[in-house]
Amino acid sequence: MAKAFSGIQPTGEIHLGNYIGALRNWKPESGSYYCVVDLHSMTMPWDPAEMLRNSRSTAAHLLALGLGEPSRVFLQSQVPEHAELSWILTCLGRMGELSRMTQYKSKGRGRQDVSVGLFAYPLLMAADILLYGVHEVPVGEDQKQHIELTRDLALRFNSRYGPVFTVPEPRISEVGARVLSLRNPQEKMSKSDPDPNSKILLTDGDDVIRKKIMTAVTDSGREVYYDPDEKPGISNLLEIAATLGGEAVEDLAARYRDKGYGAFKGAVADIVIGAVRPLRERVLELLASPTEIDEALERGRSHAHAEAGPMLDSVKRAIGLLVP
Ligand code: AQP
């Protein structure tokens, strides 16, 4: 398995979209790094106490998934090479290509009151990835464009200054790459959505999960089949249950085609509860042990720094900066 890098923002609690789209594809391979990208979560206004709480909690989720060993989990802000390489890439990136990023277009374009960080953060994301020389970046569909930018920057740098960077590939699942909000299946499930019923958290109890699924917004009609345009709500539930239950979407849809939405939603709830319960138990156990989290983060920081430092030195030598 190729070594991988990926990151997650501490902008709220981890939800099923994060798990299905990204985390379940993160493997604890030696040489892989999984990062709580706290600097990314500063692109929108933030609350310092929440930032601290969410950073630890996000790290606890990653550790509970077994990603701390032999791969590493660390906090982005604790490895200063990320911010430093980001500046170098800021001078290589172009206004035009950053203006085309859909996340910036949806949240910030045309507004004067958003941060410069919202425009520039894909360059920080490129720095995160390129520091570790990885081939693979397992992410959800919404990050595809940012990985393409990362590839362009790596190729541009290598052709101007010499072959320093590995050019990474996105790794995106075919099913479940874009899990949708349970309240509005036109939007993706998102940590920063203020409606708690829009998302299932990995720490939600069985009853809460069942209630959120039973009340999920679905489409008109009563037949269960997969059609993301005509039936986005039902298709979303099909994708969720198929990925977690290890079944093909078509087989699941065929079994419930004529059984009505109520029976189908009940079955989806059973599958989700069965998948989330063991994760929740591990996360809660770890959250009760902050010293264990901090010690794992310190080990992660030290490994990440040991790898990122020499890479940044190579970049600096290539571009004509004096390395002390
Ligand atoms: N709904 C989703 N379906 C599939 N994958 C998803 N990811 C995020 N949402 C979905 C993937 O999870 C990883 C971490 O992404 P993130 O930290 O940006 O998560 P978020 O929930 O999108 O967080 P925010 O703060 O709410 O961000 P915005 O406001 O931008 O939506 C990534 O690999 C991502 O693809």
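The values are calculated or read from the model by the stated rules, or taken from the named source; none is laboratory data. The structure presented is a predicted model; accordingly, all values stated were derived computationally and were not measured. Ideal geometry is used to build each Cβ from the backbone, glycine not excepted, and the neighbour counts take in all protein chains shown. Surface areas here come from the heavy atoms of the whole protein model, side chains and all, with no ligands, DNA or RNA. Shrake-Rupley method; radii C 1.70, N 1.55, O 1.52, S 1.80 Å.
Looking at region 176-191, which of its residues are near the ligand (Cβ under 6 Å from one of its atoms) and open to solvent by 80 Å² or more (accessible area, probe 1.4 Å)?
If the condition is that a residue be near the ligand (Cβ under 6 Å from one of its atoms) and open to solvent by 80 Å² or more (accessible area, probe 1.4 Å), then Arg178 is the only one that fits.
Quick check on my filter: what residues within region 148-194 are small (Gly, Ala, Ser), assigned to a loop (DSSP other than H, G, I, E, B) and more than 20 Å from Glu307 (Cβ to Cβ)? Steps first, please.
Of region 148-194, the ones small (Gly, Ala, Ser) are 154, 159, 162, 173, 176-177, 181, 190, 192.
Those still in the list that are assigned to a loop (DSSP other than H, G, I, E, B) too: 162, 173, 176-177, 181, 190, 192.
Those that are small (Gly, Ala, Ser), assigned to a loop (DSSP other than H, G, I, E, B) and more than 20 Å from Glu307 (Cβ to Cβ): Ser173, Gly176, Ala177, Ser181, Ser190, Ser192.
Would you pick out the residues in region 84-101 that are closer than 15 Å to Thr150 by Cα, open to solvent by 40 Å² or more (accessible area, probe 1.4 Å) and not basic (Lys, Arg)?
Hits for region 84-101 are Trp87, Thr90, Cys91, Met95.
Could we say that Trp46 is in contact with a Ser or Thr (Cβ under 7 Å, 6 or more places away or on another chain) and within 15 Å of the ligand (Cβ to nearest atom) here? Even if it seems obvious, please write down each step before you answer.
Details: in contact with a Ser or Thr (Cβ under 7 Å, 6 or more places away or on another chain): no; within 15 Å of the ligand (Cβ to nearest atom): yes.
When the stated conditions are applied, Trp46 does not pass them.
So which pairs qualify, if the first residue must be in region 206-235 and not assigned by TED's automatic domain parsing to the domain that holds Val276, the second must be open to solvent by 60 Å² or more (accessible area, probe 1.4 Å) and at pLDDT below 95, the Cβ gap must be under 8 Å, and the two must be at least 6 apart or on different chains?
none
Answer yes or no as to whether Ala64 is within 17 Å of the chain's Cα centre (by Cα), away from the ligand (no atom under 13 Å from the Cβ) and farther than 13 Å from Asp128 by Cβ.
Details: within 17 Å of the chain's Cα centre (by Cα): yes; away from the ligand (no atom under 13 Å from the Cβ): yes; farther than 13 Å from Asp128 by Cβ: yes.
Spelling it out, Ala64 is indeed within 17 Å of the chain's Cα centre (by Cα), away from the ligand (no atom under 13 Å from the Cβ) and farther than 13 Å from Asp128 by Cβ.
State the number of residues belonging to region 1-42 that are modelled with pLDDT of 95 or more and within 13 Å of the ligand (Cβ to nearest atom).
Looking only at that region, the number is 29.
What is the number of the single condition among (1) assigned to a helix (DSSP H, G or I); (2) of a type outside the set (Lys, Arg); (3) within 16 Å of the ligand (Cβ to nearest atom); (4) within 17 Å of the chain's Cα centre (by Cα) that Ala127 does not meet?
With respect to (1) assigned to a helix (DSSP H, G or I); (2) of a type outside the set (Lys, Arg); (3) within 16 Å of the ligand (Cβ to nearest atom); (4) within 17 Å of the chain's Cα centre (by Cα), Ala127 is out only on (3).
Which residues, counting only those in region 196-212, are charged (D, E, K, R) and away from the ligand (no atom under 12 Å from the Cβ)? Let's see the steps before the verdict.
Looking only at region 196-212, we keep the residues that are charged (D, E, K, R), and these are 199, 204, 206-207, 210-212.
Listed by number, the residues that qualify are Asp204, Asp206, Asp207, Arg210, Lys211, Lys212.
Return yes or no: is Leu238 assigned by TED's automatic domain parsing to the domain that holds Gly274, under 18 Å from Lys265 (Cβ atoms) and either within 14 Å of the ligand (Cβ to nearest atom) or part of a helix (DSSP H, G or I) (or both)?
Working: assigned by TED's automatic domain parsing to the domain that holds Gly274: yes; under 18 Å from Lys265 (Cβ atoms): yes; either within 14 Å of the ligand (Cβ to nearest atom) or part of a helix (DSSP H, G or I) (or both): yes.
Taking the combined requirement at face value, the residue satisfies it.
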